[in-house]
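First up is the structure itself, then whatever we jot down about it.
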Amino acid sequence: MLHLLVFSVFGLVCVAGAINLLVQRHPINSALSLVVVMGSLAVEYLLLGAEFVAAVQVIVYAGAIMVLFVFVIMLLNAGVENRTKGSRVAMLFGIPGVLIGSVLVAWVLLQHSGTGSVAAGALPGPPKVIGWLLFHDFLLPFEVTSVLVLIAIMGAVVLASHPADVQQSAQPDGKEG
Amino acid sequence: MSLGEFILVSIVKIVIALGVLLTAVAYTVWLERKVVGHIQNRWGPTRVGPFGLLQPLADGIKFIFKEDLLPPHVFKPLFIAAPMIALVFALTSISVIPIGNWVTVFGIHTPLEIMDVNIGLLIVLGVTSLGVYGVALAGWSSNSKYSLLGGLRASAQMVSYEISLGLSLVGVLILAGSFSLRDIVNAQGGTFWGFIPRWNIFQGQIVAFFIYLMAAYAETNRVPFDLPEAETELVAGYHTEYSAMKFAMFFMAEYANMITVACLATLLFLGGWHGPHRFGPPFVQAVLPIFWFVLKVFVFLFLYIWVRGTLPRFRYDQLMAFGWKFLLPLAIANLVITALIVALRA
């Protein structure tokens, strides 16, 4: 009972954070709402018995990635965003589209999967199980993903570096590019 | 244990832990002023009480009664929330740190920590990694260039050194095979050949210990990595605009983080509460493990202060180059070698 109560409260916090993310006009408020979403998701994972995933969610998403988001917002000194009224096409097709889409997803989920509730701790959660799954059962997908991430990093480095600057600073005239 | 009993025991433990931690924070400040004073051929605090022992109390009263200035140009909600974020996460991380074995008090069998969880180490890492928001948001919301630079430096530095810090701990995790701080300490019991304790630092993790040491100094913004609050260039860095209790909260958060880092080093590398304890009457035998733990934490904190009194500050590019080009490869090498040795032994 207590379990369900805590789960529902954090579910509500999660949704509220997500809505706040969209409504806020200042990027830093939106970023902090996203931190709240990540944090409450971690609590939900914890309540489902996936303690390792919950901890990693906090360490990686809330503790590292979102810090970098905030860092970038601070660095660029992003101000309050201008709000437009939105295009009429978006109002006409967007909102019904989202509604139809979500109804479809809900319908498919209800039709094609066991919708019984999952007891806490019923799914594999301990770090040992996850390690075994990642490095044994799903080794190839795991390694392929790591190569994919590496390529993304290389792409970011290429995009961020200016070849012209590099050539300029290499010239021995004492001026930095 | 019934639910009511559980809640009662938890509350008692939280009150005790917070009381001990905050007192320790206050007296670490006193110790630092004393030791750094003597290093610099001064006396440090001497006026309030014997040896200046009541100085922390006087400072606390002063902080509470000072005028709480709110500069007009700040972003108010975050400016007020930032010190709270910093302090709350700094105090929370102590909750999963065990300081001894299970004890039975008044018929209640309970571990010597607030909560015994099987992913204790990950919780400490997660909570401390959230603490950076306090510093970063303080820097940004102050709306002042010195604060902003301090906040930027803090977030860049903490994210960079967190990687080395985490990797330095993986070697210990491989040796112990568990995320539970209690299991990690229990794996370090006993001795080699009867006289060398089986602490992780003597089990080949000495490189990891030094990586942890350096990364921890950077994580807690202490000398020689105190760039976020470098007085000579940034006035006071991220807390330039803060006064009274809000400033004190940052101060307390910094020292609480130091204590957490010292506790973690003791648990992971220095054998936790293990030490010679099979002598003396039963009561002494029961208290000795806690004594060893506190002693090791004290030695680590003393090292912190010693370093502060000895080393100058790094330059910012040196800090980043050291973290990414030296500490990180070293941590990865240590991890690979440890994993190889454990795999060969198995």
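The values are calculated or read from the model by the stated rules, or taken from the named source; none is laboratory data. Bear in mind that the values here come from a model prediction, so they are computed numbers and not experimental data. Reconstructed Cβ throughout: ideal geometry from the backbone, glycine too, with neighbour counts over all protein chains shown. The area values use the complete protein model at the heavy-atom level, side chains included, leaving out ligands, DNA and RNA. Shrake-Rupley method; radii C 1.70, N 1.55, O 1.52, S 1.80 Å.
Selection over segment A:7-36 of residues that are within 14 Å of chain B (Cβ to nearest Cβ) and not charged (D, E, K, R) gives a count of 13. The condition (being open to solvent by 50 Å² or more (accessible area, probe 1.4 Å) and in a helix (DSSP H, G or I)) is satisfied by just one residue among B:V342, B:V307, B:V336, B:V297: B:V336. Criterion applied to B:K325, B:K296 was being out of contact with any Lys or Arg (no Cβ under 7 Å at 6 or more places or on another chain), of a type in the set (K, R) and in contact (Cβ under 8 Å) with a residue 24 or more places away in the chain, and the one residue passing it is B:K296. Inclusion of A:L46 among residues that are in a helix (DSSP H, G or I), open to solvent by 80 Å² or more (accessible area, probe 1.4 Å) and closer than 22 Å to B:E219 by Cα is not warranted. For segment B:166-186, the set of residues classified as in contact with a helix residue (DSSP H, G or I) (Cβ under 7 Å, 6 or more places away or on another chain) and farther than 17 Å from B:A339 by Cα consists of B:S180, B:L181, B:D183, B:V185, listed by residue number.
Filter segment B:310-320 down to the residues that are in a helix (DSSP H, G or I) and touching a residue at least 40 places away in the same chain (Cβ under 8 Å), then identify the one that is nearest to B:T28 (Cα to Cα). Going through the qualifying residues, I end up with B:T310.
Against the condition open to solvent by 40 Å² or more (accessible area, probe 1.4 Å) and within 30 Å of B:A81 (Cα to Cα), how does B:F247 come out, does it pass? Spelling it out, B:F247 is indeed open to solvent by 40 Å² or more (accessible area, probe 1.4 Å) and within 30 Å of B:A81 (Cα to Cα).
Quick check on B:L288: is it at pLDDT 90 or above, open to solvent by less than 60 Å² (accessible area, probe 1.4 Å) and among the aliphatic types (A, V, I, L, M)?
Numbers: at pLDDT 90 or above: no; open to solvent by less than 60 Å² (accessible area, probe 1.4 Å): yes; among the aliphatic types (A, V, I, L, M): yes.
Here the answer is no, as B:L288 does not meet what is asked.
Considering only segment A:57-77, I want to know if a residue exists there that is among the aliphatic types (A, V, I, L, M), within 9 Å of chain B (Cβ to nearest Cβ) and open to solvent by 70 Å² or more (accessible area, probe 1.4 Å). Yes, because at least one residue in segment A:57-77 is among the aliphatic types (A, V, I, L, M), within 9 Å of chain B (Cβ to nearest Cβ) and open to solvent by 70 Å² or more (accessible area, probe 1.4 Å).
Any residue at all in segment A:5-23 that is open to solvent by 40 Å² or more (accessible area, probe 1.4 Å), in contact (Cβ under 8 Å) with a residue 40 or more places away in the chain and not charged (D, E, K, R)?
To start, the set of residues in segment A:5-23 that are open to solvent by 40 Å² or more (accessible area, probe 1.4 Å) comprises A:5-10, A:12-13, A:15-16, A:18-23.
Retained after the next criterion (residues that are in contact (Cβ under 8 Å) with a residue 40 or more places away in the chain): A:6-7.
Next cut, not charged (D, E, K, R) only: A:6-7.
Scanning segment A:5-23, I find at least one residue that is open to solvent by 40 Å² or more (accessible area, probe 1.4 Å), in contact (Cβ under 8 Å) with a residue 40 or more places away in the chain and not charged (D, E, K, R), so the answer is yes.
Can you give me the ranges of the helices (runs of 4 or more DSSP H) entirely in segment B:116-203 with at least 2 residues that are within 13 Å of another protein chain (Cβ to nearest Cβ), open to solvent by less than 50 Å² (accessible area, probe 1.4 Å) and under 28 Å from B:F250 (Cα atoms)? Steps first, please.
Numbers: elements: B:120-130, B:132-141, B:145-176, B:181-186.
The qualifying helices (runs of 4 or more DSSP H) are B:120-130, B:132-141, B:145-176.
Filter segment B:69-86 for residues that are surrounded by 14 or more Cβ atoms within 10 Å (Cβ to Cβ) and not aliphatic (A, V, I, L, M) and give the result. Once the filter is applied, which keeps residues that are surrounded by 14 or more Cβ atoms within 10 Å (Cβ to Cβ) and not aliphatic (A, V, I, L, M), segment B:69-86 yields B:P71, B:F75, B:F79, B:P83.
Do you know which residues across segment B:104-135 are touching a strand residue (DSSP E or B) at 6+ places or on another chain (Cβ under 7 Å) and hydroxyl-bearing (S, T, Y)? Spell out how you get there, then give the answer.
Step one: list which residues in segment B:104-135 are touching a strand residue (DSSP E or B) at 6+ places or on another chain (Cβ under 7 Å), which gives B:109-112.
Correct list: B:T110 only.
For residues that are part of a helix (DSSP H, G or I) and touching a residue at least 40 places away in the same chain (Cβ under 8 Å), scanning just segment B:89-109, find the one that is farthest from B:Q188 (Cα to Cα). By that ranking, first place goes to B:F89. Go through the residues of segment B:187-201 one by one and say whether even a single one is among the aliphatic types (A, V, I, L, M), under 25 Å from A:I130 (Cα atoms) and at pLDDT below 85. There is at least one residue in segment B:187-201 that is among the aliphatic types (A, V, I, L, M), under 25 Å from A:I130 (Cα atoms) and at pLDDT below 85. Within segment B:88-115, if we keep just the residues that are within 17 Å of the chain's Cα centre (by Cα) and farther than 18 Å from B:G272 by Cα, the residue that is farthest from the other protein chains (Cβ to nearest Cβ) turns out to be B:L91. Output the residue which, of all residues in segment B:224-236 that are in contact with a helix residue (DSSP H, G or I) (Cβ under 9 Å, 6 or more places away or on another chain) and open to solvent by 20 Å² or more (accessible area, probe 1.4 Å), is nearest to B:G131 (Cα to Cα). Only one residue tops the list, namely B:E229. Checking the conditions here, which among B:F6, B:F51, B:F63 is closer than 30 Å to B:G100 by Cα, among the aromatic types (F, W, Y) and outside any loop (DSSP other than H, G, I, E, B)? Just a single option satisfies the conditions, and that option is B:F6.
Residues that are of a type in the set (D, E), at pLDDT below 85 and open to solvent by 30 Å² or more (accessible area, probe 1.4 Å): does segment B:99-115 have at least one?
Here is the first cut: in segment B:99-115, the residues of a type in the set (D, E) are B:113.
After this cut, where a residue has to be at pLDDT below 85 as well, the list is B:113.
Still in the list and also open to solvent by 30 Å² or more (accessible area, probe 1.4 Å): none.
Within segment B:99-115, not a single residue is of a type in the set (D, E), at pLDDT below 85 and open to solvent by 30 Å² or more (accessible area, probe 1.4 Å).
When A:A90 is tested against (1) more than 20 Å from the chain's Cα centre (by Cα); (2) at the interface with chain B (Cβ under 9 Å from one of its Cβ atoms), exactly one condition is not met: (2).
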